[in-house]
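The values are calculated or read from the model by the stated rules, or taken from the named source; none is laboratory data. Since this is a predicted model, take the numbers as computed values, not measurements. Please note: Cβ atoms are built from the backbone with ideal geometry, for glycine as well, and neighbour counts cover all protein chains shown. Please note that ligands, DNA and RNA were not included when accessible areas were found on the heavy atoms of the full protein model with its side chains. Shrake-Rupley method; radii C 1.70, N 1.55, O 1.52, S 1.80 Å.
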Number of protein chains: 2
Amino acid sequence: VRITVLAGGVGGARFLQGVRAFAAGLAGSEITAIVNTGDDVTMHGLRICPDLDSVMYTLAGAVDTERGWGREGETWRIMDELVSYGAEPTWFALGDLDIATHLVRTQMLAAGYPLSDVTAALCQRWQTGVRLLPMTDERCETHVVVAEDGGRRAIHFQEWWVRHRAGLPALDFVQIGLDSARPAAGVLEAIAAADLVLIAPSNPVVSINTILQVPGIAGALRSGPAPVIGLSPIIGGAPVRGMADACLPVLGVETSAAGVAGLYGARSAGGVLDGWLVHTGDTVQLPGLPVLARDLLMTSPEATAAMVADAARLAGR
Amino acid sequence: VRITVLAGGVGGARFLQGVRAFAAGLAGSEITAIVNTGDDVTMHGLRICPDLDSVMYTLAGAVDTERGWGREGETWRIMDELVSYGAEPTWFALGDLDIATHLVRTQMLAAGYPLSDVTAALCQRWQTGVRLLPMTDERCETHVVVAEDGGRRAIHFQEWWVRHRAGLPALDFVQIGLDSARPAAGVLEAIAAADLVLIAPSNPVVSINTILQVPGIAGALRSGPAPVIGLSPIIGGAPVRGMADACLPVLGVETSAAGVAGLYGARSAGGVLDGWLVHTGDTVQLPGLPVLARDLLMTSPEATAAMVADAARLAGR
């Protein structure tokens with residue numbers, strides 16, 4: 001059984017724990033995660049891939065489970081030093097252990113390795129049990145257009161998300177570099193070879209929709225043989241985690257399970273979904289889209305594995 | 001009183017503490033250190049300037065006094081991570097606090113700032129009381145030619161010094177990039193404006209002689225108005241610290257106060273020295289070179305300040 005998952009950071013990481021737990025019961029299963037890299041950013045000369053790292057650390061059991069991101073037992077000595085040197089920016093906290101990951105990545109990228117190779121090299125250490133692929137090997141960065149002094153200004157997604165906690169009204173998202181990006185090595189193959197494609201309950205705008213906008217990926221999903229089942233990141237009108245409610249309105253999409261389903265679209269109507277899981281109590285009616293309501297709270301890998309089992313059932317697999 | 005000092009790393013740093021203590025008693029004194037950068041190296045994508053950092057940390061009171069280099073209270077968490085990732089090299093220990101310095105430097109260099117500006121920016125934080133100048137803003141690196149499998153191979157000085165502890169027989173030193181290097185901004189001015197130039201008791205081959213080989217520096221010393229007084233790094237046939245005895249024979253120079261004096265040369269004979277301080281018991285006879293014997297053990301900044309006072313006296317200042 002080959003399962004390919006589209007995933008963002010923290011939510012995607014937790015979901016993948018469930019997929020891995022689900023697949024552990026199946027002989028010869030292979031899981032591939034296609035991970036958003038639109039959040040990637042360079043800080044202090046270090047190339048940082050927050051979503052890839054959240055997934056890697058989580059699957060490795062090395063994540064700080066309380067924060068949901070970064071390394072367990074993390075310290076912040078270098079960050080304190082950078083502040084003492086007056087090195088900007090100071091609003092993006094880089095942990096000491098985490099910096100080692102960024103150093104290895106930055107050096108490998110500088111040496112010419114594509115991000116997919118770098119990611120594979122980093123994962124060698126962690127033995128994640130899931131093959132992690134960046135959505136693209138090319139540099140794409142999500143910027144957020146905000147109002148300023150009567151005009152408009154684009155800031156990096158991380159500045160909007162982390163520094164301003166999504167508190168500055170966003171006028172638009174601009175995916176710099178995305179138009180001309182190509183899927184990373186292995187991405188289209190992982191979609192074409194999948195028995196089941198799952199869309200994790202990640203941020204629908206800045207994670208999943210970013211992946212879907214990489215030229216070629218949505219088309220591969222639509223034309224691929226595998227059923228595509230998504231899980232709603234919105235429960236009862238609010239995101240389970242994160243600040244998707246600050247993102248969806250920017251695209252004119254309602255913050256609801258129905259709104260997100262409409263954003264992804266049913267395959268039969270030119271979208272990508274063959275099925276949609278929503279939380280108990282939420283209702284979605286989209287022509288041609290089978291919907292299953294069940295508990296979608298990822299309280300444990302086992303609970304999430306049961307969602308995956310239901311997703312597989314909805315897909316008819 | 002303007003004092004300009006040619007200095008290497010640990011020995012140079014201790015010497016500069018003495019120069020600073022000496023100058024503290026003089027109104028309006030200015031100390032400039034011209035520091036060797038031939039030891040500089042890039043590791044894990046970080047630009048590392050061991051001598052500049054040893055001097056900066058020492059003058060800031062932030063050095064690990066036991067090791068003589070690196071930061072007090074240093075930890076090695078990132079290095080452990082790099083080892084876990086299998087990132088080479090693992091023989092060059094990078095401390096966590098130290099890495100912050102390298103991150104700031106690397107990013108400023110990548111942004112196009114010359115090393116002299118970067119050094120000034122780093123020193124802003126530390127308030128060293130001594131103006132630190134790299135000998136050159138250009139990238140120069142000392143390599144060591146060693147025998148291998150019947151042939152010859154050049155390895156970076158740090159690999160020879162740190163990894164092999166100068167234990168591989170050196171056939172030659174090659175200063176890559178030095179021929180075409182220019183003195184860093186401020187270097188020639190600091191020599192021309194000095195009332196006294198001191199040559200610290202640093203490694204005579206890979207620190208001082210490297211500085212003297214930057215095109216223009218030796219000439220500026222020879223034609224400059226300030227007397228140039230050197231202090232022998234060799235006491236009774238052995239280096240006070242470090243492994244100069246592994247370096248001097250490579251140049252065919254005897255490991256003695258006389259040998260080093262001959263290497264630098266008397267100004268009257270085409271060299272740079274106007275005076276030479278040796279340790280009590282050592283004798284040097286070089287035509288045209290006034291020599292003063294005294295205790296040269298840098299046991300404290302005050303003890304070293306007394307050497308500087310004697311150097312100034314020998315210079316007739």
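Couple of notes before you dig in:
- Legend: mean number of C-beta atoms from other chains within 10 angstrom of residue C-beta atoms, peptide B:68-75, equals 1.
- Among B:TRP276, A:TRP69, B:TRP91, A:TRP126, the sequence by solvent-accessible area, most first, with a 1.4 Å probe is A:TRP69, B:TRP91, A:TRP126, B:TRP276.
- 10 Å Cβ neighbours from other chains, averaged over peptide A:96-106: 6
- Largest GNM mean-square fluctuation among A:SER202, A:SER116, A:SER84, using chain A with Cα springs under 10 Å: A:SER84.
- 222 nm mean residue ellipticity, helices alone, for the protein assembly as shown (DSSP H n ≥ 4; -39,500 (n - 2.57); rounded to 500): -9000 deg cm²/dmol
- Amide H contacts under 5 Å for B:ARG71, placed H, 5+ residues apart: B:ASP64, B:ASP98
- Unit charges on C-beta of K, R, D, E only; dipole of chain A, Debye: 680 debye
- Given +1 at the Cβ of Lys and Arg, -1 at the Cβ of Asp and Glu and no other charges, the dipole of region B:148-188 around its Cα centre is 140 debye to the nearest 20.
- Cβ-vector label at 7 Å, A:ALA238, separations to other copies in nm: 7.3
- Rounded Å value of the spacing that divides the Cα centres of region B:246-317 and region A:220-254: 76 Å
- Full-extension gain in nm, A:ALA309 to A:ARG294, via 0.36 nm per residue minus C-alpha separation: 4.2 nm
- When DSSP beta bridges are restricted to pairs lying wholly in the protein assembly as shown, around 45% turn out antiparallel.
- In region A:8-109, GluC sites (Glu not before Pro) in a DSSP loop with at most 12 other beta-carbon atoms within 10 Å: A:GLU66
- Most mobile of A:PRO89, A:PRO204, A:PRO290 in a GNM of chain A (Cα contacts under 10 Å): A:PRO89
- Label-to-label distance, nm, for residues given as A:HIS164 and B:ALA192 (7 Å Cα→Cβ offset): 5.1 nm
- With all protein chains modelled, accessible area of B:ILE155 [1.4 Å, Å²]: 0 Å²
- With all protein chains modelled, accessible area of B:LEU115 [1.4 Å, Å²]: 10 Å²
- Inter-centroid distance (Cα atoms) of region A:26-49 relative to region B:58-89, Å: 30 Å
- Residue with peak Gaussian network fluctuation, chain B [Cα springs, cutoff 10 Å], from B:MET135, B:MET108, B:MET307: B:MET108
- Dipole axis of the protein assembly as shown (+1 Lys, Arg; -1 Asp, Glu on Cβ), positive-most option in B:VAL278, B:THR136, A:LEU196: B:THR136
- Label point at A:ALA269 placed 7 Å out along Cα→Cβ; residues across region A:288-317 whose backbone nitrogen lies under 14 Å: A:288-291
- Cα gyration tensor, the protein assembly as shown - rounded (a/c under 1.5), prolate or oblate: prolate
- Nearest-20 debye value, the protein assembly as shown charge dipole, Cβ charges on Lys, Arg, Asp, Glu: 260 debye
- Gyration tensor verdict on region B:137-257 (Cα atoms; rounded if a/c is under 1.5, prolate if a/b is larger than b/c, oblate otherwise): oblate
- Positive-pole candidate from A:VAL253, A:LEU178, A:LEU289, dipole of region A:178-305, charges at beta carbon: A:LEU178
- Per residue, the average separation of C-alpha pairs within less than 8 Å and at least 6 apart gives region B:219-277 a relative contact order of 41 percent.
- Residue and whole-Å distance for the chain A Cβ lying nearest the axis of the A-onto-B rotation are A:ASP96, 3.
- Across chain B, the mean sequence separation of Cα contacts (distance under 8 Å, 6 or more residues apart), normalised by length, yields a relative contact order of 19 percent.
- Region A:1-67: C-alpha gyration tensor shape, a/c 1.5 cut-off, then a/b vs b/c: prolate
- Ascending list, in nanometres, of distances separating the B:VAL83 label from those of the other copies (7 Å, Cα toward Cβ): 3.0
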